[in-house]
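**Student:** Take this structure first; my questions come after.
The values are calculated or read from the model by the stated rules, or taken from the named source; none is laboratory data. These numbers come from a predicted model, not from an experiment. For neighbour counting, all protein chains shown are included, and Cβ atoms are generated from backbone atoms with ideal geometry for every residue, glycine included. Each accessible area value is taken on the protein alone, full model and side chains, heavy atoms only, with ligands, DNA and RNA left out. Shrake-Rupley method; radii C 1.70, N 1.55, O 1.52, S 1.80 Å.
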Amino acid sequence: MDLKDIRTDYKWGALDEDKVCINPIDQFKKWFSEYTSLDTLDSTAMTVSTVGKDLIPHSRIVLLKEIIDNCFVFYTNYNSTKGKNIAENENVSLLFFWPEMERQIRVVGKAKRLSEELSTSYFNKRPFESRVSAIVSPQSSVIPSRTFLEEKVFAFLAENPDEKQPLKKPENWGGIAVEPVSVEFWQGRISRLHDRLRFTRVANSWKIERLAP
Ligand SMILES: Cc1cc2nc3c(=O)[nH]c(=O)nc-3n(C[C@H](O)[C@H](O)[C@H](O)COP(=O)(O)O)c2cc1C
């Protein structure tokens, strides 16, 4: 197979300055509701890129769980690579790719921990098994085997057999809220003349600029 022969023509839609919302969060919500209506797998998945003090970028998928006070929120282990990177450098990037609609959204923003109260509230809403995993898994640490993890789960369940019993959220687990500084919406168009509109925060409003594809 020659990868150079794989070509997609983008013709699903267009993005016009006079039709976008004046606020990128509203525009994101509009596109997001259109995307979720397609009923795709993992529509909330996004790539989060972080850079710690070693200046090496790291990217990985997480799930967007909420938008709170105009911030994009995901949940994670604060001792993970991403958690440590964010503690060292608040600048992050979020990336959404929605191929069925030929759309990409790039967010540059400032990341901070969500309040303990909000993190606990979300933790308590998670299924029992997900809460147990968050408690026992030392995310991003090297572990000796899968058995090591499974034994931790068995040991935990032996001490906490009642699924209805409340579980305490670990201190090192919670939400990260990303406040956008710029957001770019990309819509694929024919002949590679794609539409790109970038919102940049200026004081209390947003400047909208068109970028060349
Ligand atoms: C579809 C999908 C959803 C994921 N959702 C999350 C999530 O919401 N939070 C999370 O911490 N990791 C999530 N992960 C796992 C991360 O991609 C990653 O493996 C993990 O967070 C460790 O990353 P780090 O070592 O760079 O911190 C998800 C992975 C995939 C493929």
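**Student:** Looking at Thr36, Thr50, Thr44 in this structure, which one is more than 14 Å from the chain's Cα centre (by Cα), open to solvent by less than 70 Å² (accessible area, probe 1.4 Å) and within 30 Å of Ser140 (Cβ to Cβ)?
**Tutor:** None of the others qualify; the one that does is Thr36.
**Student:** Condition first: in contact with a Phe, Trp or Tyr (Cβ under 6 Å, 6 or more places away or on another chain) and either charged (D, E, K, R) or open to solvent by 10 Å² or more (accessible area, probe 1.4 Å) (or both). Now tell me which residues in region 95-106 satisfy that.
**Tutor:** Matches in region 95-106: Glu102, Gln104.
The rows are residues; the columns are (1) in contact with a helix residue (DSSP H, G or I) (Cβ under 8 Å, 6 or more places away or on another chain); (2) surrounded by fewer than 16 Cβ atoms within 10 Å (Cβ to Cβ).
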residue	(1), (2)
Gly83	no, no
Glu88	no, yes
Ser93	no, no
Val108	no, no
Glu116	no, yes
Ser137	yes, no
Pro144	no, yes
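**Student:** Consider only pairs whose beta carbons are under 6 Å apart and that are at least six residues apart or on different chains; among these, list those whose first residue lies in region 61-88 and is at positive phi and whose second residue is of a type outside the set (D, E, K, R).
**Tutor:** Qualifying pairs under 6 Å: Asn70/Ile25.
**Student:** With the condition being away from the ligand (no atom under 11 Å from the Cβ) and closer than 12 Å to Ile176 by Cα, I'd like the helices (runs of 4 or more DSSP H) fully within region 23-136 carrying at least 3 qualifying residues.
**Tutor:** Fully inside region 23-136 and qualifying: 116-125.
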